[in-house]
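Structure, as structure tokens:
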Amino acid sequence: MLKKITTAASVIALFALTACGSGSGGGTATSGDTITMGFAQVGAESGWRTANTKSVQDEAKAAGIDLKFSDAQQKQENQIKAIRTYIQQKVSVIAFSPVVETGWDTVLLEAKRANIPVILTDRAIDSDDTSLYKTFLGSDFVEEGRKAGDWMVANATGPTNVVELQGTTGAAPAIDRKKGFEEKIASKPDIKIVASQTGDFTRSGGKQVMEAFLKSQPKIDVVYAHNDDMGLGAIEAIKAAGKVPGKDIKIITVDAVKDGMTALANGEINFIVECNPLLGKQLMDLAKKVVKGEQVPARVVTEEGTFTQEQAKAALPNRQY
Amino acid sequence: MKNRLLWPLIALAALLVLNLVVTPSFFALRIQDGHLYGGLVDVLKNGAPTLLIALGMTLVIATRGIDLSVGAVAAIAGAVTCVHIGTSGDAGTAFAGMAIALVLCAVLGLWNGFLVAGLGIQPIVATLVLMTAGRGVAMLVTEGQIITVNNDPFRQVGAGFLILPISILISLAVLGLVALATRKTALGMLIEAVGVNPEASRLAGVRSRTIIWTVYVFAAVCAGIAGLMISSNVSAADANNAGLWIEMDAILAVVIGGTSLAGGRYSLTGTLLGALIIQTLTTTVYTIGVAPEVTLVFKAIVVITVCLVQAPKARAALSFRSRKVAVS
């Protein structure tokens, strides 16, 4: 019975789709194959994210893709609502950066039933059913954590106490950057994470947590922040405690946004692992292929590097975000 | 009245003792660069915005209203000021920016007051409009970017010190002014009268509309100053996160302080205690190292406990038992 209803529903949906197609076909020559993309962004919680948003918006315009953009303000329920709206609007493709890793199966199944391909950008989801999305375009967060860990291991002298400022609890970058970092420092028992708290990827969060750490931890040598903004907040807290960030307490962050790079060039941060937000162009190329029904690889990794203080001074003038 | 404040006071003391047991250095105070430095100072500094917003909220709630838009108003204040300051470092620009922001906040308060007192829309719905739209306005002002400023006079509002953090001095000054204005004149009684029965108080000659209008403007200006503190503390305007969910913290502070959401009698001292409890709770989580995954559960348990012991039935049971003990 259920099957019958679903079939009937999809037939109706298909009919509606073709009706739409023929309707717009009568207009200008190009509008018939215009791709509409529904993009559900996490929010604008950091400079990285706004650079990411801008890249998606600019590249969509350049590629002639009609972009429907929504901002979830870091709430999963808002993102689910946005995706449901896109399904109702019958967009050609849905792209989104999941706020957290789990809880997406139901809404993605709805998209699948409506025959709308889904592309994950920047963050992955945790689901056994890999048919729910076509491809995942984004950074390898575990690798980013490993790069940070490598630098830590190479630059540690003697016993080192690390405090960690985690990203939003449950978010993929927070989980993976922690994992990669711990993996690498495990080889050196001298390096210990003595405290770890979430600063929600924000400057105020990073500052408040760091203020508390500075009072509760007798000895802090290194701060490992999961993004630049929390690192920048920590710098403020360290200065207020009468210590010198970058010297008395070393700082490692991930992202490499402009404010972070400036602090790195000024010697207040010691090492930044890059996480490239400019994935708009790759996303539009993938979207075109997916809509045409072409095969795409299940995982596309963005290209990223790392920055020391000297490299930051050289790279800063040409930084786009 | 004293009995009402007893339980919040015990809760605050319990949290502080918990910190003392887990990290004895929590109470350590020293002078750093000419100002006090220590865990307790952090609680005061970071609790200042919540306290200020909770003060405005107390008066709104006393008139049987509620203001959900304070977080969004705080975000707008920070955004407007930082955009106005831009790359400038001089005091004049900073003060002009803050003045513009606060005037704008007063206008937003007038809007809330207009919806509630003028059009008679339910407060929760009326202020929900600005709660959602306001953050959008802040995003428009900053163009979705985090605006970083480098302006020392502006930095003082949220991160500066005059031995104690300037932010808490501002909040306490406002608390003092409100206490004077409402407890030493008839204003406080009039606000309570409007909360108990707006219609009866109007018939008795109280200008209830004007009073309602005034408390919403006051709440918005408080939210504006709090927004300045929040953005000044990190020298950046973050339209998306500044003051996010602070309306909930403020309402909670008011409720923990013993003011009823049904309007009428209110307690400013209670609100002060409530705001301190909420900030101490957050700082406690960081200090004693509660794992981030269980932070919300930990906070929920503390809040539920505080609310439970304040419930009339629980209070009656507790006082009955203590009386029995006293007799025997």
Matching residues, the range B:16-70, being within 12 Å of chain A (Cβ to nearest Cβ), of a type in the set (Gly, Ala, Ser) and in contact with a helix residue (DSSP H, G or I) (Cβ under 9 Å, 6 or more places away or on another chain): B:SER25, B:ALA28, B:GLY38, B:GLY39, B:GLY47
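Please verify whether the range B:255-271 includes one or more residues that are hydrophobic (A, V, I, L, M, F, W, C), under 16 Å from B:VAL306 (Cβ atoms) and either within 14 Å of chain A (Cβ to nearest Cβ) or in contact (Cβ under 8 Å) with a residue 60 or more places away in the chain (or both). Show your work before the answer.
Residues of the range B:255-271 that are hydrophobic (A, V, I, L, M, F, W, C), as a first pass: B:255-256, B:261-262, B:268.
Checking the rest, the ones that are also under 16 Å from B:VAL306 (Cβ atoms) come to B:255-256, B:261.
Next, only the ones that are either within 14 Å of chain A (Cβ to nearest Cβ) or in contact (Cβ under 8 Å) with a residue 60 or more places away in the chain (or both) stay: B:256, B:261.
Yes: one or more hits.
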Residue in the range A:123-130 that is more than 14 Å from every other protein chain (Cβ to nearest Cβ), closer than 21 Å to A:THR36 by Cβ and modelled with pLDDT under 95 present: no
Residue tally, condition free of Cβ contacts under 8 Å to residues at least 12 places away in the same chain and loosely packed, with under 15 Cβ neighbours inside 10 Å, over the range A:291-319: 8
Tally, over the range A:242-283, of residues that are more than 24 Å from B:GLY38 (Cα to Cα) and in contact with a Leu (Cβ under 9 Å, 6 or more places away or on another chain): 17
Residue selected from the range A:191-241 under the condition more than 10 Å from chain B (Cβ to nearest Cβ) and more than 26 Å from the chain's Cα centre (by Cα), by the criterion farthest from B:LEU40 (Cα to Cα): A:ILE191
Residues of the range A:234-279 satisfying the condition of being small (Gly, Ala, Ser) and more than 17 Å from A:THR50 (Cβ to Cβ): A:ALA234, A:ALA237, A:ALA240, A:ALA241, A:GLY242, A:GLY246, A:ALA263, A:ALA265, A:GLY267
Hits in the range A:241-260 - residues which are modelled with pLDDT under 95 and buried (at least 22 other Cβ atoms within 10 Å of the Cβ): A:ASP255, A:ALA256, A:VAL257, A:GLY260
A:THR168 vs. criteria touching a strand residue (DSSP E or B) at 6+ places or on another chain (Cβ under 8 Å), within 14 Å of another protein chain (Cβ to nearest Cβ) and surrounded by 18 or more Cβ atoms within 10 Å (Cβ to Cβ): yes
Hey, B:GLY158 surrounded by fewer than 24 Cβ atoms within 10 Å (Cβ to Cβ) and either within 12 Å of chain A (Cβ to nearest Cβ) or under 30 Å from B:ALA262 (Cβ atoms) (or both) or not: no
Sole exception among (1) over 17 Å from B:PHE26 (Cβ atoms); (2) outside any helix (DSSP H, G or I) for B:VAL297, by number: (2)
A:VAL291, sole failed condition from (1) out of contact with any Leu (no Cβ under 8 Å at 6 or more places or on another chain); (2) among the aliphatic types (A, V, I, L, M); (3) closer than 25 Å to A:ASP58 by Cα; (4) not in a helix (DSSP H, G or I): (4)
Looking only at the range B:214-243, and only at residues there that are farther than 16 Å from A:LYS207 by Cα and within 13 Å of another protein chain (Cβ to nearest Cβ), the one that is modelled with the lowest pLDDT: B:ASN240
Contacts under 9 angstrom Cβ, first residue in the range B:127-140 being within 14 Å of chain A (Cβ to nearest Cβ) and touching a residue at least 24 places away in the same chain (Cβ under 8 Å), partner surrounded by 16 or more Cβ atoms within 10 Å (Cβ to Cβ) and of a type in the set (Asp, Glu), 6 or more apart: B:MET131/B:ASP67; B:MET131/B:GLU247; B:MET139/A:ASP71
Count - residues of the range B:274-288 that are closer than 20 Å to B:LEU59 by Cα and surrounded by fewer than 21 Cβ atoms within 10 Å (Cβ to Cβ): 0
Lone unmet requirement of (1) more than 9 Å from every other protein chain (Cβ to nearest Cβ); (2) farther than 23 Å from A:ALA263 by Cα; (3) touching a residue at least 60 places away in the same chain (Cβ under 8 Å) for A:MET152: (2)
Candidate set: the range A:53-94, residues that are small (Gly, Ala, Ser) and in a helix (DSSP H, G or I); chosen: the one surrounded by the most Cβ atoms within 10 Å (Cβ to Cβ): A:ALA60
Subset of the range A:253-262 that is in a helix (DSSP H, G or I) and closer than 16 Å to A:GLY199 by Cβ - its residue that is farthest from the other protein chains (Cβ to nearest Cβ): A:GLY260
Selection from the range A:68-90 of residues that are modelled with pLDDT of 95 or more and aliphatic (A, V, I, L, M): A:ILE80, A:ALA82, A:ILE83, A:ILE87
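Kindly establish whether A:ALA256 is on the phi > 0 side of the Ramachandran plot, in contact (Cβ under 8 Å) with a residue 12 or more places away in the chain, assigned by TED's automatic domain parsing to the domain that holds A:THR157 and in contact with a strand residue (DSSP E or B) (Cβ under 8 Å, 6 or more places away or on another chain).
The answer is yes for A:ALA256.
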Test: residue in the range B:142-151 that is over 20 Å from B:VAL73 (Cα atoms), in contact (Cβ under 8 Å) with a residue 12 or more places away in the chain and more than 13 Å from chain A (Cβ to nearest Cβ): yes
Leading residue by the ranking (nearest to A:VAL142 (Cα to Cα)) among those in the range A:174-190 that are in contact with a strand residue (DSSP E or B) (Cβ under 8 Å, 6 or more places away or on another chain) and within 14 Å of another protein chain (Cβ to nearest Cβ): A:ARG177
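The values are calculated or read from the model by the stated rules, or taken from the named source; none is laboratory data. Owing to the predicted nature of the structure, the values given are computational and were not obtained by experimental measurement. Cβ: placed from backbone, ideal geometry, glycine included. Neighbour counts: every protein chain shown.
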